[in-house]
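Derivation of every value follows stated rules applied to the coordinates shown; laboratory data play no part. Since the model is a prediction, treat every value here as computed from it, not as a measurement. A quick note on method: Cβ atoms are made from the backbone with ideal geometry, for glycine too, and the neighbour counts reach across all protein chains shown.
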Amino acid sequence: MVIHLTSVTQSIRKLACFMLLGFALPTHAQDESPTVRFYSEIAAPYYWIDKENTAQGVNVDLTNALIEQTNVEATLEHLPWARAVAEAVSEPNVVLLSVLRTPSREATLHWLGKVSEVRASLVSLAHRTEIKISTMDDARHYRVGTIRGYGAADYLLRQGFSEQDNLVLVSNIDQLWSLLFKDRLDLVLTDLATGRYELKSRGLRPQNVVEVFEVSELNLSLELATGQKTSAQLSAMLADALADLKQSGQLASILRRWDLQPFPGLPDGPVIRH
């Protein structure tokens with residue numbers, strides 16, 4: 001499903017007003033710029049679809065703010081993350097919202113700026129008190145799940161996990177938590193701060209899960225990124241727009257609106273509630 005954001009329509013109306021009144025258009029509005037395709041995944045609180053079939057979350061607010069800053073024509077679409085990353089690499093003008101910056105992706109994507117950060121851990125159901133983990137070697141004795149295409153999946157594969165033995169890769173968050181709560185997984189590799197939000201939004205009890213082991217190697221930044229086929233001009237425009245959102249405090253306000261803490265050093269902004 002492609003969501004055409006309200007801000008796109010607003011931007012077109014603004015341009016029409018400029019033309020009717022005889023004002024000079026901004027330089028970037030005069031150019032025939034391609035439509036930017038912003039991609040997210042369904043993962044609360046960054047992005048999900050509510051009961052009215054409306055997209056909600058950090059990435060929706062961030063996309064609208066970027067459109068407001070740049071006046072680009074754009075769409076926002078949710079895709080399985082492995083496909084979204086692959087399209088960003090192979091096609092121009094695809095922009096990934098809050099993608100985990102990992103060593104394996106470093107050279108294949110153009111990084112436009114930090115949006116948030118994650119603190120990764122292995123999480124189990126609280127009643128599974130028999131699960132004791134001190135190292136990743138211990139974790140290999142259990143069934144561990146994450147999302148296919150995630151940096152977490154690459155990490156587990158590098159750590160010696162395999163889909164034939166102890167690794168379960170699924171396509172979305174719903175499947176991941178469902179398997180854990182049905183005891184078909186022993187552990188989930190996730191960011192528990194966002195995980196609690198995901199559970200609550202699905203009618204599950206966040207207090208029923210606990211952090212078993214912190215995976216500090218995956219405490220990485222979530223960034224705005226595009227592929228190398230996207231023009232340098234568009235990349236610079238988006239990077240500058242994100243920097244402006246940080247400096248103004250708007251990015252911090254967006255994160256707090258969805259119960260996420262801004263990362264250290266991010267200029268503060270007014271509290272906005274949903």
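What the table shows:
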item	result
Footprinting exposure proxy for Lys182, Lys200 (fewest neighbouring C-beta atoms within 10 Å first)	Lys182, Lys200
Among Lys114, Lys229, Lys132: highest mean-square fluctuation, GNM of the chain, C-alpha pairs under 10 Å	Lys132
Alpha carbon centroid spacing (whole Å) that separates the stretch 215-267 from the stretch 52-67	14 Å
Contour minus Cα-Cα distance for Ala243 and Arg119 (0.36 nm per residue)	42.3 nm
Average Cα contact separation per residue, the chain, under 8 Å, 6 or more apart, as relative contact order %	25 percent
Filter on Lys51/Lys229; Lys114/Lys229; Lys114/Lys200; Lys51/Lys182 - keep pairs with C-alpha separation over 29 Å	Lys51/Lys229
Structure-based [θ]222 nm, the chain - -39500 (n - 2.57) summed over DSSP H runs of at least 4, per residue, nearest 500	-10500 deg cm²/dmol
Rounded FRET efficiency, nearest 0.05, which uses the C-beta distance separating Thr102 from Thr129 and R0 of 45 Å	0.90
Cα-centred dipole magnitude for the chain, charges only on beta-carbon of K, R (+1) and D, E (-1), debye, nearest 20	480 debye
Mean Cβ neighbour count within 10 Å, used as a protection proxy, ranking 79-87, 230-238 highest first	79-87, 230-238
